[in-house]
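These notes concern the structure reproduced below.
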Amino acid sequence: MATIRSKIELIDEEITKVYKEPTADFTQPDWEKSMQAAAAAFRLTIQPELSFIRKAVLDCLEQANYGNVHIIAQYINLTQQLKNFLTPTTDEILADQQNLQYAFTFFMMRDLMPDARDEIMYFNDLLKACRKKRIKYAPLLEKLLPHASSQIRFGNYSVKMLFEGAL
């Protein structure tokens, strides 16, 4: 576990060094698009680091049959920038379906935190994109289901309930 923790901390330190907080003129009507474009550009800049750490985390989880999922989630949650960019976007998933496994895994690790509504919207958008492109996601959800949290967040859903409902 010390090895994966070191890798997570190292990658976070590397991307934090190059991260520049995007600036936006909130008086402009398209400020949200400017912010999204800046985040997308930064993701492209750190793509090699993201690919490396995604694979390292998934390998570590699979070696332990996901028994260490909550510990690794804590390591990721303590990062400055990595936690904000680790989960693949739907565009990244559609470009490379390997990213779908990362997306579901990191979604499960966040356990509907910090904002359950945003997390559920992300999950629904992810499923919608998969259905639209006819990407089979059920085998991945079935694989992760035994490791998904059943803790109900904010009185409505748990990750396990969302996975079961998507199957």
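The values are calculated or read from the model by the stated rules, or taken from the named source; none is laboratory data. Quantities reported herein were computed from a predicted structural model and do not represent experimental measurements. As a convention, Cβ positions derive from the backbone with ideal geometry for all residues, glycine included, and neighbour counts pool all protein chains shown. All accessible areas refer to the heavy atoms of the entire protein, side chains included, with ligands and DNA or RNA removed. Shrake-Rupley method; radii C 1.70, N 1.55, O 1.52, S 1.80 Å.
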Distance check, please: which entries in Lys55/Lys143; Lys83/Lys143; Lys83/Lys160; Lys7/Lys55 exceed 19 angstrom between their Cα atoms? Lys83/Lys143; Lys83/Lys160
Span per principal axis, largest first, for the Cα atoms of the stretch 14-64 (Å): 50, 20, 14
Which of the aspartates and glutamates could a cross-linker span from Lys33 if the Cα-Cα distance has to be under 12 Å and same-chain partners fewer than 8 positions apart are dropped? Asp25
Within 10 Å, at most 14 other Cβ atoms, and a DSSP state outside H, G, I, E, B define an exposed site. Report the longest part of the chain free of exposed chymotrypsin sites (Phe, Trp or Tyr not before Pro). 27-153
The chain - mean residue ellipticity at 222 nm from DSSP helices (-39,500 (n - 2.57) per run, n ≥ 4, rounded to 500): -20500 deg cm²/dmol
From the residues Phe42, Phe26, Gly165, which one has its Cα farthest along the dipole of the chain in the positive direction, the dipole being from +1 and -1 charges on Cβ of Lys/Arg and Asp/Glu about the Cα centre? Gly165
Dipole magnitude of the stretch 1-81, debye to nearest 20 (Cβ charges: Lys/Arg +1, Asp/Glu -1, about Cα centre): 180 debye
Taking the Cα centre of the stretch 1-41 as origin and charging only Cβ (+1 Lys, Arg; -1 Asp, Glu), how large is the dipole, in debye to the nearest 20? 180 debye
Using a cut-off of 18 Å between alpha-carbon atoms, which aspartates and glutamates can reach Lys132, once sequence neighbours fewer than 8 places away in the same chain are excluded? Asp91, Glu92, Asp96
Within the set of other residues whose C-beta is less than 13 Å from the C-beta of Gln101, count the net charge using Lys and Arg as +1 and Asp and Glu as -1. -1
Length-normalised contact order of the chain, Cα under 8 Å, at least 6 apart, in percent, tallies to 19 percent
Pop out the Kirkwood hydrodynamic radius of the chain from its pairwise C-alpha distances, inverse of mean 1/r, in Å to one decimal. 16.8 Å
Take the solvent-accessible surface of the protein heavy atoms, probe 1.4 Å, and return the percent of it on the stretch 1-138 that carbon and sulfur atoms account for. 53 percent
Please get the size of the charge dipole for the chain, origin at its Cα centre, with Cβ charges of +1 on Lys and Arg and -1 on Asp and Glu, quoted in debye to the nearest 20. 520 debye
Given a 1.4 Å probe, how much area per residue of the chain is accessible, in Å²? 59 Å²
Say the dipole of the chain comes from +1 at the beta carbon of Lys and Arg and -1 at that of Asp and Glu; which of Thr90, Leu141, Val69 then lies farthest toward its positive end? Leu141
Charge dipole of the chain built from unit charges on the beta carbon (Lys, Arg +1; Asp, Glu -1), centred at mean Cα; most positive-end Cα among Phe106, Val57, Leu126 is Leu126
In the neighborhood of Phe163, defined by Cβ-to-Cβ distances under 11 Å, what is the net charge if each Lys or Arg adds +1 and each Asp or Glu adds -1? 0
Row for the stretch 35-88, column shape: gyration tensor on C-alpha, a ≥ b ≥ c, rounded if a/c < 1.5 i.e. under 1.5, prolate if a/b over b/c, else oblate; value prolate
